[in-house]
Every structure is written in C-alpha cells, then in structure tokens.
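> Quick one: the structure is below, and I'll ask about it shortly.
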Amino acid sequence: MKKMSKRNYYRRFLSVTKGIFLKNPVLTMGFAVPFVVVATTSLQTAVGLSIGLLLTLVPVGLIMPLLMAKIPQDFQWVDYPLCALIAAFFVLPTRVIVGNISPALMDSVGVYFSLLCVSTLLFAARGKTRKEPDLAKVLLELVKIWIGAAMVLLLVGVVREIFGYGTLWGKALPWVKLRFSGVMVSAFGFILLGFVAALGKKIHRTILAAQIWTARNRGPIKEKLIELAHKMREDEEETPEELPKETVEETSKENQGKEQE
Amino acid sequence: MKLWNTKGIILEQKKEPALSRDLQQLLTEQGESAKVETLAENEEVTLDRLIRLCNEASIVDERDGEPLGDILMGWKLRAAPKLIVGDAVDDEPYVSNQTNPLMKQSADAAYGLRLLQTALKPQKAYFAVYREMHYLNSRVPTKIEEFVVRKMGGKYPMERRAFSRLGDDVLAVGVGALIHLARAAKEGRVQSSCFVTVAGNCIGTPCNMEVTIGTPVSALLEHCGLITDPTSLSLNSAMVGKAVEDPEQTLIQANTSAVIAIREAKKNLRHMDCIGCSRCVEVCPEGLNPMELYRATSTNRRQTAFELGLERCIGCAACSYICPSRLELSHLIREKQEKWPKGEHCHDR
Amino acid sequence: MMDFLAVFAAAMAAENLFFARAFDSYGLRELTREPKRILVFGGLTTAVLATAGPIAYGVNRLIAGSSMYYYINGLAHLLILVLLFAAAYLLLQKYAPKVFDLIGQYLPYAAINCGTLGSLLLVAKDPDINTVWRALAYHCGAGVGFTLAMLLLWSLNRRLSSCNAGKSFRGFPLQLITAGLIALALVGLTGNQLPA
Amino acid sequence: MIVKSKPFPQIRAEERSSLVMLDTAIALIPPFFMAVFYYGIRSLALGALTVLAALVTNWISSLFNGRGIEWWDASPVVTGMIIALMMPASIPFYIPMLAAVFAIFVVKFPYGGTGNNVFNPAAAGLAFVTICFGTQLSGYPTPLEPLSLVVDETVKLVQGPAAILKMGAIPTISTEQLALGNFAGPMGTTNILVIAACLVYLLVRKNVKWYVPAAYLGTVCVFASRIHHEDIGAMESIILELVAGSLMFVAVYMLTEPVTLPKRPMAKIFYAVTAGIVTMLFRYYGAVHYSAVFALLLTNAFSPLFDHLVERGNLIELMERRADHEEDE
C-alpha cells in the first residue's frame, strides 16, 4: 500500500501544496471574500491586495507566537484582538509602499485596504499555526495560504479588468470590443468567485476520475481501486463545505460497494 | 382556510361500462353443499344470533377482510351504534364491485341491512355511494326499499377519511357482506364467493363478477377476454393495489375487490425532472410536501426527510398520479419509509 | 425620526454590509449553518456597532483635522473596537457569567471583523452622515441588515441542498452564486456605482 | 403469462410537464404579433435570435451537467421570448442574446438545470444587461414606424412613460392609446389587453393560480392609490402604474413561473404580496428602470422562506390536532 501511495503523484502533489489547491482558503473555506468580491477590480488592485495580504500574514504569524509565550494563561483571550492590532500596524507601511507604486490604486480600493488587518484569512491562518512551535514551518504554511489566496485574487482581477475595462495592467487590449460595466458590482464578484470555486472542484474531480479509470483498465488491481475509493472519501470528508455528512457517507459507501464489485 | 384546502384529487372514474353491466357469475360447484341453519320465520333477531350466523356462514367484510362476526362481537360490548352504513363507496377508478351489487341485488342488500338494524337498533341506517359518479349512464336510485341511499362526496383518498368524519359510533359494513348475510339468513348458504370488478383498457368486456373464492386471476381474465397484453396487472386498485406477476398462481380472496389490467401508453413514462409545479403539494391529503420529500429521499438525506414528515405518508399515490413529469414519488417515499427505521435514530450527525 | 428611519433603511437594504460590500465574518459557510448562531452573532454585531458608532463618530471628529489622518484612520477605529471588546469581555466575565457562557465564544469574532470595522470606516468617509443620530442609525441598520442577509442565506440552504446541482457546484460555490444573484437584485436600489 | 408491473399508481393524470411549459410559450406568441405589428419584422428577428441563444446555451449546459440534451424542454424558449419582449425594438442584437446566455448559464446551469433554479432566469438576465447597458435600454423607438434590421442613428429614440413617471412628471398619453399599447416602451409589454387575454388562457389551462397575479396587482393598486402625483386622481394613478412599466407582463409571465413560486397556496399569496410591496418600493426609491424585474429577483430569494414558515405553521397545526385526538382516546 505504501508503494502505491508513493507512486500516486497527484496525491503527493496535493499533500505538498496543501493550502494552495486542496483546501484553498478562498475557494473552499470562504475566507477573504470581501477582497476578492468587491475590491479586486483589476490586475493592479489584485497585486496590491496580494502584497498587502503577504505583509500582514507573515509578520503576524512570526510575531504572535513569541508574544503569546510571554502572556499569562488568564489573558490568552487577547490573542484575537492583538492579532488584529499587530496587523494594523503592518498595514501602515504597506499603504506607503503600495501607494508609491500606484496612487490611483489606493483610491479604487478604498476602505478595503484598511480591512486587511481584520480579514478572516488572517485569523484562520493564525488558528492554523497557533500550535506550531517551529517558525520555519509556520512561515511555509503561511506562504502556502498566501499563494492560494493570491492566485484567486489575480485570476478574478484579470477577468474583471479584461471584461470591464478592456485593458490589462492598464494597457488597452484592441481585441476586446465589448465592455461590461456590470462586472464591477459585488454581485458579479460573488458569481465569478462561485464559478471559479466550482471550476477548481471540477478539475480535482476529473483528475480523480481519470485515475480510477486508468486503474480499472490496467488489469487486476483491486487494491488500488479500493485505495482510490478511500482517497476520494477522505478528500470529501476533509472539506466541511460538502453536503451534510450523512449523504457523503452513504454515497461513498455506495461508490465503494460498486467498485468492489 | 377552506378555500385553500385542496387536499386530495378527483380521479377520472372510468367505471363504465362495468358498472351498468349485469352481474356475471363464475362459480365452481364445490362450495354449494355446505348449509347453515336459516333464520326461522318469526324468530327474534338478536345480536348473538347474528354473530352465530355470521360465524357459521363464515361471512367476511370485503372492506378490510375481517370476519363480520368479529366486527359484530366488538359491538356487543359497546353501546348500540348511532348509525349503520351499508358501504357501497367506490372512490377508486375502474372499481365498482360494491355499487354494482347494490343496484343489481338490492333486495338482498336491504334485507341484510334490515337484519343488522333490528339486531343493533341504531337511530339511523342507510346506504352510501360515491357522489362523483353523476356522469354515469346508470342512475343510482335514491331509495332502496325503506333505506335512503346517500351520496358521499370527497376527493380521493376519501373512503377512510369520510368514515372517520362521521364519528366513532358508526358501524360500516360492506354491501357484499350484507348480501351474503341475507343469503345465509334466507337460504342458509355459506359464503364461498365474492364480488370482483374486472376492468382496465386491456379487458374486452369489463364487468362485475361473482367469483368463487380461490379462483385464479387468469380464469377471470379469460372469461372477460384480453384485447392486448397488459403492461401492468393489479389487484384491488389501480392506485395502491397489489401487483400481480403470475395470474395463474394468484388467487382471488374474500377481500379482493378488482382485477385491473392496463396497457400504459409510452407517454406515461417519466420524461423530465421535477419542474416544481407544486401540483403534488396541493393534492397531498396529509398536507406533506411530496416534491421535497422525493428530493430528500432520492439523495439519501434522511434527517431532512424526517423533518418533512416522512413517517406521515400514507402511500395514497395521489402525488404520483398528478405529477406531470410522471415521477415515481409515492413509490420511492414508501420504499424509504420502510427502509429507514423510525424517528429515534435520526439525530443530527 | 423620518431621517433616522431613512438612513436606517438605506444602510439595511441598499448598502447591505454583506450583499453590497461583501463584508463577511466568521466564515460564511460556518455562520449560515444554524439560525440560532446567526441570531446570537448578528445581535452581538449590532450591539457592538450601536455602541462603537457614536464613540467612533466623536473620535473621527477629533482626528479629522490631523495631517496623518489618512494613515491613522484605520488604526484608530480598530483601537476603538478592541477597547470596546476588552471592556465588554471583562465586564461580562465578572458580572454576568451566565450570559458570558452563552456568548463568550462568539464575542471576539462578532466584535472585531470586516463588518464592524468596515461599517465604522464607511461612516467616517461618508459626508452625508453628519450627526450622531445618523451615524447611530447607519450602524444599527448595517447590523440588522447583516443579520437578515445571513438569515436569508440560511433559509435558502435547504433549497440549495435539495436541488439537482452538479457535484462541483454543491455547497459553497452555489451559495456564492445565490448571494451574487441577490446582490444583483439589490443593485436595482443603488444603480450601477462602485462602492467606495 | 408473466406481467412485470410498474410501481403504483398505474394510471396517470393527462397533464405533462413539456406541455405545461409549451403553454407558456404559446401564451407569449400574441404579444409577439403585436410587436411585429408595431415595430416590424425586426422584433421577430430579435425574438428568434434570443430564443436560439437560450436554447443552445441550455443544450450545452445540460451536456455539462451530464443529463444529455433534452429536446422537449421548452423552458429556454420561454426565457428567451420573455427577454426579447422586454427589450426595446431598436436594441442591438447582442444585448438580448447576452441576457439569454447569462440567464441560462449563470442562473439555471449551476443549480442543475430546468426545475431546480432558485431565481427566475429571465429576470436575472434582464437585470444583468440593465446594469451593463443601462443607457441603451432606456430609449424606445416610436411605435407604428417599422424598423429595418440594421438600426442606425437616424432612428429617433424616446423615453418611456415609466421613466417620465419616475422623474415626477405625468406622461401625456390618451386612454385609448394606453389601452391599445400605442406608446413608446418595451416590445411586448405595452399591450395590456393582449397580455390580459393571455392570462385568461393560462388560467383556463390551469397553469396559473388566479390568486397569484391578483394578490400582486392588488398590492400594487393599493400602493398606487395611496401614493401618487398631486395632479391626478387615484384611479388614473393606478392605471398609469399598471400600464406604464412592464408590471402587467411581469405579473402574468414571470411572477407565475412555477419553479420559483413557493409551493404552498398560502405561501404563494404571501409571496405575491411581498413582490408587490417590493416592486413599489423599488419604483419609488430605486435607481434603475425595469424595477419590477429587480423586485421579482429579490422576492425569489424569499420563496423558500415563505414555504418554510407556512409549513411550520401546518406542522404545528397538525401536531395540535393529533394531541387532541390522543386526549380524546
């Protein structure tokens, strides 16, 4: 069985990049939604917000464990507001940096830049790295989360800029004839994010299905099939935003039964 | 609230031509030999005497298949019923095995009801037929001898609901049982036959028949003639009957009310997903939401199904009948109702 | 009074914190799982906003003239929220332990999140809101609007889980698309303008 | 002989789903005739292209869903026809087609296709293009001047009475013209007599419950008679509100769509009344025209909630009744 899982490159890839593709913080957990849905209207804003995210995530992740070690047990509840305050301090220099790159950007992002210090992504990352004593591992984890979020930000930014303004990074694209001002409203942001999330799930499922298909066509590899069925089940159980659990269990049982036959 | 209370449906009755045809007979000889003691000319009719008569003649109420003697035994311990109803209410399509004998053998039916009346001394006694039959060729008489024939209205499924609405002090006896009671009292005949409707769009001459209990279904089909091969063959009802797989092996029983052979058109197969037209919600007699129940059961969401009242479904199949997408709503809901254990286990997982 | 109601209604519907601004808190998926949680959470958010709103209005008046306003504005408002949260937490813990047991675990999430801070910052930017009353009305409306939005999404959950959607759309993506379509309907109130 | 029977019941009612949807499509044909009469052959081309876009998108998305192409599914036809009829006759072809694509691909496909959508596809499609191309949608050509297929700048566009009402003025249209629908407006929504006749057809075919449009229009009338311009009476105000926008059209074809309606009769009435209130609020305070469409879209989201509340009421009632029975025994 061990050999099998080593040979399964897709699974190894997913476990190494956990937080980027599997368990993406924006697409499956719904963190940092306001920035994706409303604030990201162009590639530039996406880049600016990604920098902002990185510059709040990493310092908070590195400073908090050191600070919390000094705080007595009775006052552990300051964890949450402290986190926000530290992030707010780091938003200040970020404002200056990003503002220097493009002053117009700060206007279009508006209050959302200040909100980086209270984003749910920050608190979620904090909750994940809280128990981890090794700072290098914390850093790795945070960077993975950041890449996952930044990817979605950039994707949404590019789509909205092309369809909304007909430009990319401020440069006009001559082949875009139609402009939809409607893609700038929050409504379209929600819809776009929903479709991106569905697309991510679809790709994941397609790869899994392809694996099962190839395994089936390669002769008597019953164990492999069972293992794959298990894996699919694990994946499904890991993501809490699936259907109510009863369904998942029953359907996966059915799947298993079918595959064993 | 009455305006919105649209529970149940009025089915297309399709009782003709079986209802207006004469009662036909398909009897084997063997049952004729047994005799019971008849009622003497001036004998006083008491409840005990009637119970004995019923038990000796083994008369069975065709409404639910219980011996009539047992039913009367129950009334011996209670106060006299306020009302006795000779039940000839056939609310299902095709079926007319109570109304037809009431019209063709009305003397016997009235005699049977009279016997019960003298024994139990109720305030009132009458016959009841289904009201939504006004478009039929044959008129049901308004009076049979001294008994009024009442027309009971209501939407399918009405029989059970209608009688429970009349109150607790009511004794309802099927017309078939009344006729057999009269025959036992007059001629001393033991009940060896029952009344069965044979109908459906595959049957050549649909009719009501008096059949010896234990005759195979195929004999009835042969007698009435099949035009084409049926796609479905069922006992008792086309809505919630019992499916017959092998007509040679299936035998007529005392509570069999009909044999229905239907060839279904291809357009009646499922051709679409639910379009949310809410017709099923309007017809459900229990006030459930069949479309949501169907969705919950077909995706195995047990907890939601119980929240929607899965255990209250009575399986009347009104939802499946009305569904314009021809989904098998009632079938699936009943299946899951049996498969999943009752309420206690459905805690939040 | 009419003025109060008008600002309240505008903040509740047209500038709904969730649908128009997409301010979330506590994770959309987790929050909309049961109505009790939404009510506790929404009630707390509204209470925090109603208390912090007038204070923030005063503080904003004080610091508005400063040359550093652009930079300290966000930090100052966050500080108000943090102090308010700390005070509420300690007071509740000491004087009302029963209430604390009930809501203590939600208090940090409800007090410090995108919704509360965003609402304060929007009021600070808005030139129309020039009295304490209006600020209070806006914040109450925002809190109530957020609660109603979450309740609406919760009521749609059962309908969403019963529909015959493809496996990849099930769950979170479908919820997002639904929220987007409701937001689309609310655009009819505000017209096509970018939120600041 | 062995007979394998289907599950019970073995008899079925005559009504079929495909016919139910086809009925709505049939009821949409008369407004199209009127559109051709007023604006020429261009309106027919608009309708055909929109329907085609909707159909093709639906086929593609049902392939994506793994259901296979359902040829007999007439609901995209209805969606396309509604979208086309709500457009000015001079609109460029791509706008209604885009609305149709959005309607099917965003509002219907993610939810699992026909019968599962929570929102009215046509309403969402119209809302989307209103946001994107608001200015092009608010100018209408004058009726009885047939348009050629290619519309250039020479075609004079005027404002519809709904926009004039919204600005606080009173449109000057004679009653006769109002009844005939001979005034500037979307292609199919001005002919209220024709729409009323189609409503009768739908009522006779039992595809529409009479109390849904009645409750909706009743609520609108109450609002219109209470709040109106000083210069006109209550009656005039009601007529103007009903005729000016797309209100009647929405009430007959979009509000009564079975998929998005609540399922319980009582919930349907709540829903219709809410839709009426929201429509009028959008008319008074909204920023866009087509206010009825936006209001409908918002009310759609409440439909499961109403069902849930009414069902809860029913359950409580049932339990009480059951408890009474047990006490009696």
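The values are calculated or read from the model by the stated rules, or taken from the named source; none is laboratory data. Predicted model, so just to flag it, every value in this text is computed and none were measured. Here Cβ is always computed from backbone atoms with ideal geometry, including for glycine, and neighbour counts include all displayed protein chains.
> Select from the range C:3-12 the residues that are among the aliphatic types (A, V, I, L, M) and touching a helix residue (DSSP H, G or I) at 6+ places or on another chain (Cβ under 6 Å) and write down the one among them that is farthest from C:Tyr109 (Cα to Cα). Let's see the steps before the verdict.
Of the range C:3-12, the ones among the aliphatic types (A, V, I, L, M) are C:5-7, C:9-12.
From the residues that got through so far, the ones that are touching a helix residue (DSSP H, G or I) at 6+ places or on another chain (Cβ under 6 Å) too are C:7, C:11-12.
Numbers: C:Val7: 26, C:Ala11: 22, C:Met12: 21 Å.
Restricting to residues being among the aliphatic types (A, V, I, L, M) and touching a helix residue (DSSP H, G or I) at 6+ places or on another chain (Cβ under 6 Å), the top hit is C:Val7.
> Give me a count of the residues in the range D:208-217 that are within 14 Å of the chain's Cα centre (by Cα) and part of a helix (DSSP H, G or I). It would help to see each step written out before you state the result.
Pass one, the range D:208-217, residues within 14 Å of the chain's Cα centre (by Cα): D:208, D:212-213, D:216-217.
Imposing the further condition that a residue be part of a helix (DSSP H, G or I) reduces the set to D:212-213, D:216-217.
Summing the residues that are within 14 Å of the chain's Cα centre (by Cα) and part of a helix (DSSP H, G or I) in the range D:208-217 gives 4.
> Another question, then. Output yes when any residue across the range C:32-39 is modelled with pLDDT under 85 and either in contact with a strand residue (DSSP E or B) (Cβ under 8 Å, 6 or more places away or on another chain) or aliphatic (A, V, I, L, M) (or both), and no when none is.
Within the range C:32-39, the first condition is being modelled with pLDDT under 85, and the residues that meet it are C:32-34.
Filter once more, keeping what is either in contact with a strand residue (DSSP E or B) (Cβ under 8 Å, 6 or more places away or on another chain) or aliphatic (A, V, I, L, M) (or both): none.
No, that holds for no residue.
> Anything in the range B:29-63 that is hydroxyl-bearing (Ser, Thr, Tyr) and at pLDDT 75 or above? List them, or say none.
Of everything in the range B:29-63, those that are hydroxyl-bearing (Ser, Thr, Tyr) and at pLDDT 75 or above turn out to be B:Thr46, B:Ser58.
> Separate question: Within the range A:103-111, is even one residue surrounded by fewer than 18 Cβ atoms within 10 Å (Cβ to Cβ) and of a type in the set (Val, Ile, Thr)?
Checked the range A:103-111: no residue is surrounded by fewer than 18 Cβ atoms within 10 Å (Cβ to Cβ) and of a type in the set (Val, Ile, Thr).
> Residues A:Gly170, A:Gly110, A:Gly99: which one is more than 30 Å from A:Lys18 (Cβ to Cβ), more than 13 Å from chain C (Cβ to nearest Cβ), at pLDDT below 85 and out of contact with any Lys or Arg (no Cβ under 6 Å at 6 or more places or on another chain)? Walk me through it before giving the result.
Working: A:Gly110 fails: more than 13 Å from chain C (Cβ to nearest Cβ); A:Gly99 fails: more than 13 Å from chain C (Cβ to nearest Cβ).
The unique qualifying residue is A:Gly170.
> When the residues of the range C:3-55 are narrowed to those that are of a type in the set (Asp, Glu) and under 23 Å from A:Cys117 (Cβ atoms), which ends up surrounded by the fewest Cβ atoms within 10 Å (Cβ to Cβ)?
Taking the range C:3-55 as the starting set, the residues that turn out to be of a type in the set (Asp, Glu) are C:3, C:15, C:24, C:30, C:34.
Imposing the further condition that a residue be under 23 Å from A:Cys117 (Cβ atoms) reduces the set to C:15, C:24, C:30.
On the way: C:Glu15: 21, C:Asp24: 24, C:Glu30: 14.
Residue satisfying both the conditions and the ranking: C:Glu30.
> Restricting attention to the range C:140-160, does a residue exist that is under 18 Å from the mean Cα position of the chain (by Cα), among the small types (Gly, Ala, Ser), facing another protein chain (nearest Cβ under 9 Å) and part of a helix (DSSP H, G or I)?
Within the range C:140-160, the first condition is being under 18 Å from the mean Cα position of the chain (by Cα), and the residues that meet it are C:140-154.
Imposing the further condition that a residue be among the small types (Gly, Ala, Ser) reduces the set to C:141-143, C:145, C:149.
So of that shortlist, the ones also facing another protein chain (nearest Cβ under 9 Å) come out as none.
No, there is no match, as no residue in the range C:140-160 is under 18 Å from the mean Cα position of the chain (by Cα), among the small types (Gly, Ala, Ser), facing another protein chain (nearest Cβ under 9 Å) and part of a helix (DSSP H, G or I).
> Would you confirm, using the coordinates I've provided, whether B:Glu311 is more than 7 Å from every other protein chain (Cβ to nearest Cβ), modelled with pLDDT under 85, surrounded by fewer than 24 Cβ atoms within 10 Å (Cβ to Cβ) and assigned to a helix (DSSP H, G or I)? Reasoning before the result, please.
On the way: more than 7 Å from every other protein chain (Cβ to nearest Cβ): yes; modelled with pLDDT under 85: yes; surrounded by fewer than 24 Cβ atoms within 10 Å (Cβ to Cβ): yes; assigned to a helix (DSSP H, G or I): yes.
Here the answer is yes, as B:Glu311 does meet what is asked.
Table: residues versus (1) in contact with a helix residue (DSSP H, G or I) (Cβ under 6 Å, 6 or more places away or on another chain); (2) aliphatic (A, V, I, L, M).
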{"residue": "D:Gly115", "(1), (2)": "no, no"}
{"residue": "D:Pro121", "(1), (2)": "yes, no"}
{"residue": "D:Asn191", "(1), (2)": "yes, no"}
{"residue": "D:Leu202", "(1), (2)": "yes, yes"}
{"residue": "D:Phe223", "(1), (2)": "yes, no"}
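> Next question, about the same structure. Only one of (1) in contact with a Phe, Trp or Tyr (Cβ under 8 Å, 6 or more places away or on another chain); (2) of a type outside the set (Phe, Trp, Tyr); (3) assigned to a helix (DSSP H, G or I) fails for A:Gly30. Which number is that?
(3)
> Something else: Please verify whether D:Leu22 is away from chain B (no Cβ under 14 Å) and either buried (at least 20 other Cβ atoms within 10 Å of the Cβ) or closer than 30 Å to B:Leu269 by Cα (or both), treating the condition exactly as stated.
Values: away from chain B (no Cβ under 14 Å): no; either buried (at least 20 other Cβ atoms within 10 Å of the Cβ) or closer than 30 Å to B:Leu269 by Cα (or both): yes.
No; evaluated as a whole, the condition is false for this residue.
> Please tell me if A:Lys131 is outside any helix (DSSP H, G or I) and farther than 19 Å from A:Val33 by Cα. Walk me through how you get there before you give the answer.
Working: outside any helix (DSSP H, G or I): yes; farther than 19 Å from A:Val33 by Cα: yes.
Taking the combined requirement at face value, the residue satisfies it.
> Taking A:Leu116 as the residue in question, decide whether it is under 24 Å from C:Gly27 (Cβ atoms), within 13 Å of another protein chain (Cβ to nearest Cβ) and in contact with a Ser or Thr (Cβ under 8 Å, 6 or more places away or on another chain). Don't jump to the end; show me each part of the working.
Working: under 24 Å from C:Gly27 (Cβ atoms): yes; within 13 Å of another protein chain (Cβ to nearest Cβ): yes; in contact with a Ser or Thr (Cβ under 8 Å, 6 or more places away or on another chain): yes.
It is true that A:Leu116 is under 24 Å from C:Gly27 (Cβ atoms), within 13 Å of another protein chain (Cβ to nearest Cβ) and in contact with a Ser or Thr (Cβ under 8 Å, 6 or more places away or on another chain).
> Check off (1) away from every other protein chain (no Cβ under 13 Å); (2) closer than 22 Å to D:Val194 by Cβ; (3) under 15 Å from the mean Cα position of the chain (by Cα) for D:Ala100 and give me the number that stays unchecked.
So the condition that D:Ala100 fails would be (2).
> Restrict the check to the range D:40-56 and report whether at least one residue is out of contact with any helix residue (DSSP H, G or I) (no Cβ under 7 Å at 6 or more places or on another chain), of a type outside the set (A, V, I, L, M), more than 11 Å from every other protein chain (Cβ to nearest Cβ) and assigned to a loop (DSSP other than H, G, I, E, B). Before the answer, list the steps.
Just the residues of the range D:40-56 that are out of contact with any helix residue (DSSP H, G or I) (no Cβ under 7 Å at 6 or more places or on another chain), to begin with: D:40-42, D:45, D:48, D:52, D:56.
Checking which are of a type outside the set (A, V, I, L, M) leaves us with D:40, D:42.
Filter once more, so that each one left must be more than 11 Å from every other protein chain (Cβ to nearest Cβ): D:40, D:42.
Right, trim to assigned to a loop (DSSP other than H, G, I, E, B) and you get D:40.
Within the range D:40-56, one or more residues are out of contact with any helix residue (DSSP H, G or I) (no Cβ under 7 Å at 6 or more places or on another chain), of a type outside the set (A, V, I, L, M), more than 11 Å from every other protein chain (Cβ to nearest Cβ) and assigned to a loop (DSSP other than H, G, I, E, B).
> How many of the residues making up the range C:89-107 are more than 8 Å from chain A (Cβ to nearest Cβ), outside any loop (DSSP other than H, G, I, E, B) and over 18 Å from the mean Cα position of the chain (by Cα)? Don't jump to the end; show me each part of the working.
Within the range C:89-107, the first condition is being more than 8 Å from chain A (Cβ to nearest Cβ), and the residues that meet it are C:90-107.
Keeping just the survivors that are outside any loop (DSSP other than H, G, I, E, B) gives C:90-95, C:97-103, C:107.
Then drop every residue that is not over 18 Å from the mean Cα position of the chain (by Cα), which leaves C:90-95, C:97-102.
Qualifying residue count for the region: 12.
> Condition first: surrounded by fewer than 21 Cβ atoms within 10 Å (Cβ to Cβ), within 14 Å of another protein chain (Cβ to nearest Cβ) and under 30 Å from D:Ile192 (Cβ atoms). Can you find one or more residues in the range D:3-10 that meet it?
Step one: list which residues in the range D:3-10 are surrounded by fewer than 21 Cβ atoms within 10 Å (Cβ to Cβ), which gives D:3-7.
Adding the requirement that they be within 14 Å of another protein chain (Cβ to nearest Cβ) leaves D:3-7.
Now narrow it down to the ones that are under 30 Å from D:Ile192 (Cβ atoms): none.
No: zero hits.
> Output yes when any residue across the range B:223-241 is among the charged types (D, E, K, R) and either part of a strand (DSSP E or B) or without any contact (Cβ under 8 Å) to a residue 24 or more places away in the chain (or both), and no when none is. So that I can check it myself, show each step before the final result.
Kept after step one, since they are among the charged types (D, E, K, R), are these residues of the range B:223-241: B:229.
Retained after the next criterion (residues that are either part of a strand (DSSP E or B) or without any contact (Cβ under 8 Å) to a residue 24 or more places away in the chain (or both)): none.
Among the residues of the range B:223-241, not one is among the charged types (D, E, K, R) and either part of a strand (DSSP E or B) or without any contact (Cβ under 8 Å) to a residue 24 or more places away in the chain (or both), which makes the answer no.
> Still on this structure: Kindly evaluate D:Ala301 against the criterion of being touching a helix residue (DSSP H, G or I) at 6+ places or on another chain (Cβ under 6 Å), modelled with pLDDT of 90 or more, hydrophobic (A, V, I, L, M, F, W, C) and within 15 Å of D:Gly245 (Cα to Cα).
No; evaluated as a whole, the condition is false for this residue.
> In the range C:170-180, which residue that is more than 20 Å from the chain's Cα centre (by Cα) and at pLDDT 90 or above is surrounded by the fewest Cβ atoms within 10 Å (Cβ to Cβ)? Break it down stepwise before answering.
So the first thing to find is which residues in the range C:170-180 are more than 20 Å from the chain's Cα centre (by Cα), and the list is C:170-174, C:177.
Now restrict to residues that are at pLDDT 90 or above: C:173-174, C:177.
Values: C:Pro173: 27, C:Leu174: 25, C:Ile177: 27.
Filtering first and then ranking leaves C:Leu174.
> Now for a separate question. Give all pairs with beta carbons closer than 6 Å in which a residue from the range D:131-149 that is within 12 Å of D:Pro88 (Cβ to Cβ) meets a residue that is among the basic types (Lys, Arg) and crowded, with 17+ Cβ neighbours inside 10 Å; count only pairs at least 6 apart in sequence or on separate chains.
D:Leu147/D:Arg42
> Tell me, which residue of the range D:184-207 that is of a type in the set (Val, Ile, Thr) and in contact (Cβ under 8 Å) with a residue 40 or more places away in the chain is farthest from B:Pro324 (Cα to Cα)?
Step one: filter the range D:184-207 for residues of a type in the set (Val, Ile, Thr), giving D:189-190, D:192, D:194-195, D:200, D:204.
Checking the rest, the ones that are also in contact (Cβ under 8 Å) with a residue 40 or more places away in the chain come to D:189-190, D:192, D:194-195.
Details: D:Thr189: 30, D:Thr190: 33, D:Ile192: 30, D:Val194: 28, D:Ile195: 26 Å.
Going through the qualifying residues, I end up with D:Thr190.
> Something else about it: Please tell me if D:Leu281 is out of contact with any Ser or Thr (no Cβ under 6 Å at 6 or more places or on another chain), within 12 Å of chain C (Cβ to nearest Cβ) and either farther than 21 Å from C:Ala185 by Cα or in a helix (DSSP H, G or I) (or both). Break it down stepwise before answering.
Numbers: out of contact with any Ser or Thr (no Cβ under 6 Å at 6 or more places or on another chain): yes; within 12 Å of chain C (Cβ to nearest Cβ): yes; either farther than 21 Å from C:Ala185 by Cα or in a helix (DSSP H, G or I) (or both): yes.
Here the answer is yes, as D:Leu281 does meet what is asked.
> Hey, among the residues in the range B:264-281 that are modelled with pLDDT of 85 or more and more than 7 Å from chain D (Cβ to nearest Cβ), which one's nearest to the chain's Cα centre (by Cα)?
Result: B:Cys280.
> Which condition does C:Leu44 not pass, out of (1) closer than 25 Å to A:Asp74 by Cβ; (2) in contact with a Ser or Thr (Cβ under 7 Å, 6 or more places away or on another chain); (3) away from chain A (no Cβ under 12 Å); (4) not aromatic (Phe, Trp, Tyr), if it passes all the others?
All conditions are met except number (2).
> While we're here: Evaluate the following for D:Lys156: is it of a type in the set (Lys, Arg) and closer than 24 Å to D:Leu296 by Cα? Working first, answer last.
Working: of a type in the set (Lys, Arg): yes; closer than 24 Å to D:Leu296 by Cα: no.
So D:Lys156 fails the test.
> For the range D:103-120, how many residues meet the condition of being within 10 Å of another protein chain (Cβ to nearest Cβ), touching a Ser or Thr at 6+ places or on another chain (Cβ under 7 Å) and assigned to a helix (DSSP H, G or I)?
1
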